[in-house]
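Okay, structure first, notes after.
The values are calculated or read from the model by the stated rules, or taken from the named source; none is laboratory data. Quick caveat, the model's predicted, so the values are computed rather than measured. Here the Cβ positions follow ideal geometry from the backbone for every residue, glycine too, while neighbour counts run over all protein chains shown. Ligands, DNA and RNA are excluded from the accessible area calculation, which covers all protein heavy atoms including side chains. Shrake-Rupley method; radii C 1.70, N 1.55, O 1.52, S 1.80 Å.
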Amino acid sequence: MYKRLFFLIGTLTIHFSGISQSAPIDAKATLATRHLYQQLWKLRQKGIMFGQQDALAYGLNADKTRWIGDANRSDVKTVTGDFPAVIGYDLGKIEFDSVRNLDGVPFSKIRQDIQNTHQRGGLNTISWHLNNPTDPNKTSWDKADSTIAKIFSDPKALQTYNSWLDKVANFLASLKDTKGQPIPVLFRPFHEHTGSWFWWGAGFCSPEQYKKIWRYTVSYLKDTKGLHHLLYAYSTDRFESQAHYLERYPGDDMVDLIGFDYYHRDAPKSNDEFKKQLSRMVHTLEEIADKKHKLTAITEMGLEQITVDNWWTSIVWETIKDSHLSYMLVWRNGRPDHFYSPYQGHTSAPDFIKFYNLPQTLFSKDVKVLK
Ligand code: BMA
């Protein structure tokens, strides 16, 4: 009897304390969110999921013209027969009640794609290139100094930021499965902050200010708005060391998954250097994750236009195959000069099919358990 009681107490502690890291940071996370989180841990043993930003919204035809908004279509599916396991979306411009996001995707389409992806069994991850709450005409990329400090010192700016969070919360709350239950999503705010190109970047705020807006944001969505279907991803850009990676880390109670964004530029000249840096960062990330018991991912990566035909197997897979990353996500197929996965007939398509056929690369059909 006592034994059973202790077991029960132990189980309750794991489920409700929020301290245990075998559960999401949100102590009130919904069952579906806990399920997703636990399945992500299991899937790490099977392989690494492939993801792409806006993969269901648009892409390129064989003649490099764009297709936009076709149902049930994705360049990855055209090339391999399957959808990516992870789909990325961005909420930029939701601040202004815009019908479309910053890259022209209707928010209604994003909602539908999240529902379809969840239904198939896949992971949905959401970033947010938000404008500047102290001066809403300024985009994420306007390098306005001290924005975070101003958000917390100017009540009007904070009010603006809160009203934007309300819109984000409304959208997130509208993500429902076929039974009307909230669909769990991985939210990845304030990304690439080790760089200095967004107003929340390292050059424009102190580590304490960055941590403050992170904690404020998580607490607002979770506690004020009562959203319990979110997992949170902390994602830097390039970093030099464990200390650098963790300089702005808001705390183990604020993050479910740790990752970084890292792009390959100047190929083929830089091929070896890219592999070296990628390998170094994946190792460092995993050392941190092991200590903290967090999931890991390359939250953004890619070689624009994939100018190295065997990039997928020789450069990427060779470097990450022994890791326990949950996923790697390449950026969007947005324009004929700005695409990151092969479209039909692209010169890296045969290598991408090889990559797809590797038992440890996971696409949509391999991750039905996430549902
Ligand atoms: C960048 C580019 C931009 C886009 C932005 C947000 O890397 O793809 O064209 O607007 O991401 O998605």
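Annotations for the structure displayed:
- When we screen L325, L278, L285, L362 for residues that are part of a loop (DSSP other than H, G, I, E, B), open to solvent by less than 10 Å² (accessible area, probe 1.4 Å) and in contact with a helix residue (DSSP H, G or I) (Cβ under 9 Å, 6 or more places away or on another chain), the only hit is L325.
- When the residues of the range 185-198 are filtered to those that are over 16 Å from A233 (Cα atoms) and free of Cβ contacts under 8 Å to residues at least 60 places away in the same chain, the one that is most open to solvent (accessible area, probe 1.4 Å) is W197.
- If you filter the range 328-358 down to residues that are of a type in the set (V, I, T) and more than 23 Å from the chain's Cα centre (by Cα), you find that the one that is most open to solvent (accessible area, probe 1.4 Å) is T347.
- Among all residues of the range 226-245, there is at least one that is buried (at least 19 other Cβ atoms within 10 Å of the Cβ), over 19 Å from L295 (Cβ atoms) and of a type outside the set (D, E, K, R).
- Residues of the range 145-161 classified as in contact (Cβ under 8 Å) with a residue 24 or more places away in the chain, of a type outside the set (D, E) and surrounded by fewer than 16 Cβ atoms within 10 Å (Cβ to Cβ), total: 2
Residue-by-condition table, conditions (1) open to solvent by less than 10 Å² (accessible area, probe 1.4 Å); (2) modelled with pLDDT of 95 or more; (3) within 18 Å of N124 (Cβ to Cβ):
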position: G18; (1), (2), (3): no, no, no
position: T33; (1), (2), (3): yes, yes, yes
position: K42; (1), (2), (3): no, yes, no
position: I48; (1), (2), (3): yes, yes, yes
position: T65; (1), (2), (3): no, yes, no
position: I68; (1), (2), (3): no, yes, no
position: T80; (1), (2), (3): no, yes, no
position: L91; (1), (2), (3): yes, yes, yes
position: F107; (1), (2), (3): no, yes, yes
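- Complete set of residues in the range 100-119 that are of a type in the set (A, V, I, L, M) and closer than 19 Å to P184 by Cβ: I110, I114
- L257, sole failed condition from (1) open to solvent by less than 10 Å² (accessible area, probe 1.4 Å); (2) without any contact (Cβ under 8 Å) to a residue 60 or more places away in the chain; (3) farther than 15 Å from W311 by Cβ: (2)
- Scanning the range 329-359 for residues that are away from the ligand (no atom under 16 Å from the Cβ) and either at pLDDT below 95 or closer than 22 Å to D261 by Cβ (or both) turns up P342, S348, F352, F355.
- Of all residues in the range 199-211, none are surrounded by fewer than 17 Cβ atoms within 10 Å (Cβ to Cβ) and among the basic types (K, R).
- Looking across the range 260-275, the residues that are open to solvent by less than 20 Å² (accessible area, probe 1.4 Å) and under 23 Å from L186 (Cβ atoms) come down to F260, D261.
- Where a residue in the range 81-96 is farther than 15 Å from D54 by Cβ and charged (D, E, K, R) and its partner, wherever it lies, is within 16 Å of the ligand (Cβ to nearest atom) and assigned to a loop (DSSP other than H, G, I, E, B), with Cβ under 7 Å and at least six apart: E95/L130; E95/N131
- Qualifying residue in the range 297-306 (condition: touching a Gly at 6+ places or on another chain (Cβ under 7 Å) and within 16 Å of the ligand (Cβ to nearest atom)): yes
- Among all residues of the range 144-157, there is none that is within 29 Å of T30 (Cβ to Cβ), at pLDDT 95 or above and in contact with a helix residue (DSSP H, G or I) (Cβ under 6 Å, 6 or more places away or on another chain).
- Enumeration of residues in the range 296-353 that are touching a residue at least 60 places away in the same chain (Cβ under 8 Å), under 29 Å from P189 (Cα atoms) and of a type in the set (S, T, N, Q): T299, S323, S326, N333, S341
- Leading residue by the ranking (nearest to G259 (Cα to Cα)) among those in the range 119-170 that are part of a strand (DSSP E or B) and away from the ligand (no atom under 16 Å from the Cβ): L123
- Scan of the range 67-109 for residues that are of a type in the set (A, V, I, L, M) and within 12 Å of the ligand (Cβ to nearest atom), ordered by number: L91, L102, V105
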